[in-house]
Amino acid sequence: MSAIESPPERIWWKQPLDRVEGTWIVLAFVWCLIMFFMMPYWHVYGKQNLSNEAYKTTADAFAKKTQAFVDQNTIRTETEQKIPVVRPPAGGDAYLIARLWAWWPMLELEEGKTYRLHLASMDFLHGFSLQPENINIEVHPGYEHIVTVTPTKAGTYSIVCNEYCGINHHTMASKLYVVKK
Ligand code: CUA
């Protein structure tokens, strides 16, 4: 018998199931179930799984909230562009705008404190990638993404955009400071 000829019996699927075939179907099914239940299990017990929320918003509404946050909490400015470095209240909300081709403002968080990090894009799809940690969040326009984060190690982290967003995508980088209390 070969694959290019018709099978000898036309109604081949009504033959009894071979034991080997049945065994493999059961094995594959059990493995599917294991992998399926590993997803919620790993979400709860894994160390790097984000529980993020997303709400509809507009660029204007989010920019207003971010501006108010910056006006209240800026502690200094950095670089020639005078990008504000903002220290959100410990345990409070932090806002970060993604747009062509920058992150705004810079954040300075306290080690061991939990923050609600709000992210939104002003224009196109961007990607929030925190280096050297392995944290990635797609930032879609029209949505406010909220991630609850607790930085555990002081240091200077990099934020890079990891969704291609045009000619200056490679320059869309910023910093995130985590300081000891
Ligand atoms: Cu923003 Cu790539």
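No value in this document is a laboratory result; all are computed from the given coordinates. If you're wondering where the values come from, they're calculated on a predicted model, not measured in any experiment. Glycine also receives a Cβ, built like all others from the backbone with ideal geometry; neighbour counts cover every protein chain displayed.
A few comments on the model shown:
- Karplus-based coupling profile of segment 71-77, in residue order and whole Hz: 4, 7, 10, 5, 10, 6, 10, with θ = phi - 60° in 6.51 cos²θ - 1.76 cosθ + 1.60 and x standing for Gly or Pro.
- Each label point was placed 7 Å from the Cα along the Cα-to-Cβ direction; for ALA54 and GLN67 their separation is 2.7 nm.
- Kirkwood Rh, angstrom, segment 99-141 [1 / mean 1/r, Cα pairs]: 11.8
- Each residue of segment 148-153 is assigned a 3J(HN,Hα), and the resulting list reads 8, 10, 10, x, 10, 9 Hz, derived from the Karplus form 6.51 cos²θ - 1.76 cosθ + 1.60 (θ = phi - 60°), x at Gly and Pro.
- The string of couplings for segment 96-108 from the Karplus curve (6.51, -1.76, 1.60, θ = phi - 60°) is 9, 9, 10, 7, 5, 10, 8, 10, 8, x, 9, 10, 10 Hz, one whole number per residue in order, with x for Gly and Pro.
- Rounded, prolate or oblate (a/c below 1.5 giving rounded, otherwise prolate when a/b exceeds b/c) for segment 124-176 by Cα gyration tensor: oblate
- Among the trypsin sites (Lys or Arg not before Pro) found in segment 20-81, those both in a DSSP coil and sparsely packed, with 16 or fewer other Cβ atoms within 10 Å of their Cβ, are LYS47.
- For the chain, built as a Gaussian network whose Cα springs stay under 10 Å, the top-fluctuating residue of LEU17, LEU33, LEU119: LEU17
- If you take all other residues with their beta carbon under 13 Å from the beta carbon of THR57, and give Lys and Arg +1 and Asp and Glu -1, the sum is 0.
- Value of Rg/Rh across segment 64-139 [Cα atoms, Kirkwood radius]: 0.94
- Angle between the chain longest axis and helix 19-45 axis [Cα atoms, degrees, rounded to 10]: 10
- Rg [Å, one decimal], Dmax [Å, integer] - segment 9-50, C-alpha atoms: 17.6, 55
- Gaussian network model of the chain, Cα within-10 Å springs - most flexible of ILE75, ILE25, ILE137: ILE25
- Annotation: amide H of ILE135 within the under-5 Å range of LEU130, sequence separation 5 or more or interchain, hydrogens built in the peptide plane.
- Backbone N under 16 Å from the PHE124 label point (7 Å along Cα→Cβ), restricted to segment 63-101: 98-101
- Of all the options HIS126, HIS145, HIS169, the one that moves most in a Gaussian network model of the chain with Cα springs shorter than 10 angstrom is HIS169.
- Exposure rule at most 16 other beta-carbon atoms within 10 Å, DSSP loop GluC sites (Glu not before Pro): the chain longest free segment: 10-79
- Interchain or long-range residues, amide H under 5 Å from LYS175's placed H: ILE159
- Here the dipole of the chain is about 540 debye; that uses its Cα centre as origin and unit charges on the Cβ of Lys and Arg (positive) and Asp and Glu (negative).
- Global geometry of segment 1-160, whether rounded, prolate or oblate, following the gyration tensor of its Cα atoms and the 1.5 cut on a/c: prolate
- Cα Rg over Rh - segment 1-79, Kirkwood: 1.45
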